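Novice: Questions regarding the structure given below will be posed in turn.
The values are calculated or read from the model by the stated rules, or taken from the named source; none is laboratory data. These numbers were taken from a predicted model, which means no experiment stands behind them. Here the Cβ is made from the backbone with ideal geometry for all residues, glycine too, and neighbour counts use every protein chain on show.
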Amino acid sequence: MTTLDLLRADRVLSVVRAPALDDARDLCSALVAGGIHVIELTFTTPDLPRHLERAASGDTGAVVGAGTVQTAAQAQSAIDAGAAFLVTPGQGPEAAAIVAASKNAGIPIVLGSFTPSEVMTALALGADAVKIFPAHHLGPKYLKDLNGPFPGVPLVPSGGVNAGNAKQFLEAGALAVSAGTDVVSPADITAANWSQITSNAKAFCAALS
């Protein structure tokens with residue numbers, strides 16, 4: 001099963017933003033126990049490649065990738081650490097080089113976009129899926145509008161998606177949604193409150209039904 005197939009099945013990925021991360025492997029295990037298997041660790045967390053390497057080294061059942069990738073150097077460092085996919089917040093001057101790095105490594109690339117023009121550019125660059133960010137500003141209706149000119153394009157809304165609105169994004173045609181602090185809060189990571197993260201993940205997944 002590819003990463004996109006798993007996303008299509010789970011309908012959610014967890015985006016982890018934290019000022020520090022002591023044990024990425026335990027975090028991944030907690031999320032998998034709650035039903036979320038695709039996990040995005042972001043470059044906003046210091047020393048991300050080390051955390052990626054630790055997460056990838058354990059048999060947690062998680063598929064772990066790197067998010068907030070803005071440069072080709074970041075992309076390569078994430079790939080070298082074992083990232084299973086890459087996600088960008090948008091399309092900067094090194095977007096094409098980031099795509100090239102992902103293609104050379106044989107892993108999916110999800111390019112961030114907001115406008116129809118940016119979605120077109122992401123597809124032209126070779127994105128395997130397109131992240132719509134920030135999604136909450138225009139909501140599920142905007143995602144449904146994007147599906148008009150882009151039928152079948154895997155769209156993943158991110159930013160402000162929570163248990164209260166996630167199902168609406170899926171009904172509007174999203175491949176999957178990104179769950180942020182609604183599932184993994186920095187406070188729970190700091191406290192190593194893995195059981196709470198598992199409970200949050202279970203609740204989020206239940207809200208998708």
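Novice: Going through the range 77-105 one residue at a time, which ones are over 22 Å from His37 (Cα atoms) and surrounded by fewer than 17 Cβ atoms within 10 Å (Cβ to Cβ)? I'd like the intermediate steps shown before the answer.
Specialist: Residues of the range 77-105 that are over 22 Å from His37 (Cα atoms), as a first pass: 77, 90-101, 103-104.
The answer is Gly90, Gly92, Pro93, Ala96, Ala97, Ala100, Lys103, Asn104.
Novice: List every residue pair whose Cβ atoms sit under 9 Å apart, with the two residues 6 or more apart in sequence or on different chains, where the first one lies in the range 182-209 and is touching a residue at least 60 places away in the same chain (Cβ under 8 Å) and within 20 Å of Arg8 (Cα to Cα) and the second, anywhere, is of a type in the set (Lys, Arg) and in a loop (DSSP other than H, G, I, E, B).
Specialist: Note: pairs meeting the criteria are Cys205/Arg11; Leu208/Arg11.
Novice: Separate question: Do you know which of the residues in the range 129-148 that are over 18 Å from Gln91 (Cβ atoms) and outside any helix (DSSP H, G or I) is modelled with the lowest pLDDT?
Specialist: Leu138
Novice: In the range 141-162, which residues are within 21 Å of Leu4 (Cα to Cα), in contact with a helix residue (DSSP H, G or I) (Cβ under 8 Å, 6 or more places away or on another chain) and of a type in the set (Gly, Ala, Ser)?
Specialist: If the condition is that a residue be within 21 Å of Leu4 (Cα to Cα), in contact with a helix residue (DSSP H, G or I) (Cβ under 8 Å, 6 or more places away or on another chain) and of a type in the set (Gly, Ala, Ser), then Ser158, Gly159 are the ones that fit.
Novice: Can you find a residue in the range 44-61 that is within 24 Å of Leu208 (Cα to Cα) and in a loop (DSSP other than H, G, I, E, B)?
Specialist: Yes, the range 44-61 has at least one match.
Novice: While we're looking at this one, here's another question. How many of the residues making up the range 30-41 are surrounded by fewer than 20 Cβ atoms within 10 Å (Cβ to Cβ) and not in a loop (DSSP other than H, G, I, E, B)?
Specialist: 2
Novice: Being out of contact with any helix residue (DSSP H, G or I) (no Cβ under 6 Å at 6 or more places or on another chain) and not hydroxyl-bearing (Ser, Thr, Tyr) is the filter; apply it to the range 53-77 and report the residue that is farthest from Ser158 (Cα to Cα). Spell out the reasoning first.
Specialist: Step one: list which residues in the range 53-77 are out of contact with any helix residue (DSSP H, G or I) (no Cβ under 6 Å at 6 or more places or on another chain), which gives 53, 56-57, 59, 65, 67-68, 70-71, 73-74.
When the remaining residues are screened for being not hydroxyl-bearing (Ser, Thr, Tyr), the result is 53, 56, 59, 65, 67, 70, 73-74.
Working: Glu53: 25, Ala56: 23, Asp59: 27, Gly65: 15, Gly67: 12, Gln70: 17, Ala73: 24, Gln74: 21 Å.
My answer is Asp59.
Novice: Determine the pairs where a residue that is on the phi > 0 side of the Ramachandran plot, located within the range 116-139, has a partner that is assigned to a helix (DSSP H, G or I) and β-branched (Val, Ile, Thr) with Cβ atoms under 6 Å apart, the partner being 6 or more residues away or on another chain.
Specialist: Within 6 Å, the pairs are Gly126/Val99.
Novice: Still on this structure: Taking the range 149-181 only, how many residues are closer than 19 Å to Ala9 by Cβ and either without any contact (Cβ under 8 Å) to a residue 12 or more places away in the chain or assigned to a helix (DSSP H, G or I) (or both)?
Specialist: 6
Novice: How many residues are part of a helix (DSSP H, G or I) and without any contact (Cβ under 8 Å) to a residue 60 or more places away in the chain if we restrict to the range 1-19?
Specialist: Adding up the residues that qualify gives 3.
Novice: Let me confirm something: among Ala81, Ala75, Ala56, Ala66, which residue is among the small types (Gly, Ala, Ser), out of contact with any Phe, Trp or Tyr (no Cβ under 9 Å at 6 or more places or on another chain) and under 20 Å from Ala129 (Cα atoms)?
Specialist: Ala75
Novice: So Asp22 ticks every box in (1) among the charged types (D, E, K, R); (2) in a helix (DSSP H, G or I); (3) over 15 Å from the mean Cα position of the chain (by Cα) but one. Which box is left unticked?
Specialist: Result: Asp22 fails condition (2) only.
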